[in-house]
Amino acid sequence: MACVEITTPKPGIAQITLNRPERLNALTYELVDELHGALDTIHADHSIRVAIITGAGRGFCAGLDLTGFGAIPGTENEGRPQQGMATQQFIARLVPHMRSVRQPIIAAVNGAAAGGGFAIALASDVRICARSAKFGTAFIRLGISGCDIGVSWMLPRLIGASRAWELMLTGRVFDAAEADKLGLVSRVVDDDAILDEAMKTAELIAANSPMGVWMTKEVMWSNLETNSLQAGIDLENRNQILTSLTEDSRRAMAGFLTHEPMSWENR
């Protein structure tokens, strides 16, 4: 059975389902490898406009499978630090990989999102959670650093440094209501409505131009890293002129004045 499944519940919208429900979709080599593959597949398929990532069963992702992750191929005969670093880098590459996928990714968080699962939720472009969702950095509770898999970079940028430091230093679990209060998630919905709500958001995104959405995702993330307002504005300026030169943009501007519905051709 595949550890990660890709479906297309609606045209232009893909669903990535982490599929180890018996282990709350905990991370193993096979699951992470298949998730990297799923991201590559979606990025290469320009008919897909938005991706939703969720977990099978009653959890989103419980983090590293403590019963055994498995060895990275080619490292079986290497030392413990070498194997550990290879594993660490393999998992952590999910974060920049998710960022580099041209389509926006919506995390539909059902149940536990801990450790690596928390990082996957943070690396998504939009987060919607069920009332049963629970979040936690978890790493520090395992006797290691609370800074892992990009969390120490992403979390303070999403909710502010002071709140992020407290969550990483304590490793405490917090629920959907607190995630909403912190501004970590866009919405909290009933458990049975989580995928429908994620789909509504996906459809709103997919209603916009493919190039416009792609370039918006790139600049949103890049401007988290720029070191000045002017650098951010310069990037935006170039992005706006680039997208305005597309055929889609010219037709959309003409159609806006006449209220004609737009059919994007990605040209």
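Name, by its number, the condition in (1) of a type in the set (Phe, Trp, Tyr); (2) over 24 Å from Cys61 (Cβ atoms); (3) at pLDDT 95 or above that does not hold for Trp264. If we test Trp264 against (1) of a type in the set (Phe, Trp, Tyr); (2) over 24 Å from Cys61 (Cβ atoms); (3) at pLDDT 95 or above, just (3) comes out false. Cβ separations smaller than 7 Å between residues 6+ apart or across chains give the following pairs from the stretch 22-33 residues that are without any contact (Cβ under 8 Å) to a residue 60 or more places away in the chain and closer than 11 Å to Thr87 by Cα to residues that are of a type in the set (D, E, K, R) and outside any helix (DSSP H, G or I): Thr28/Asp65. Listed by first and then second residue, the pairs with beta-carbon distance under 7 Å, at least 6 apart or on different chains, first residue in the stretch 200-222 and under 22 Å from Leu155 (Cβ atoms), second acidic (Asp, Glu) and surrounded by fewer than 19 Cβ atoms within 10 Å (Cβ to Cβ), are Val219/Glu236. When Thr246, Thr216 are checked against the criterion of being polar (S, T, N, Q) and within 17 Å of the chain's Cα centre (by Cα), Thr216 stands alone in meeting it. Among the listed residues Leu224, Leu242, Leu169, which satisfies the condition of being farther than 24 Å from Thr137 by Cα and surrounded by fewer than 16 Cβ atoms within 10 Å (Cβ to Cβ)? One residue alone meets the criteria, Leu242.
For the stretch 1-21, the set of residues classified as among the aliphatic types (A, V, I, L, M) and without any contact (Cβ under 8 Å) to a residue 24 or more places away in the chain consists of Met1 only.
A Cβ distance below 6 Å, combined with a sequence gap of six or more or placement on separate chains, defines the contacts here; from the stretch 173-188, residues that are polar (S, T, N, Q) reach residues that are not in a helix (DSSP H, G or I) in the pairs Ser186/Val126; Ser186/Ile128.
The values are calculated or read from the model by the stated rules, or taken from the named source; none is laboratory data. Remember, predicted model here, so these are calculated numbers, not experimental data. FYI the Cβ positions are ideal-geometry reconstructions off the backbone, even for glycines, and counts take in every protein chain you see.
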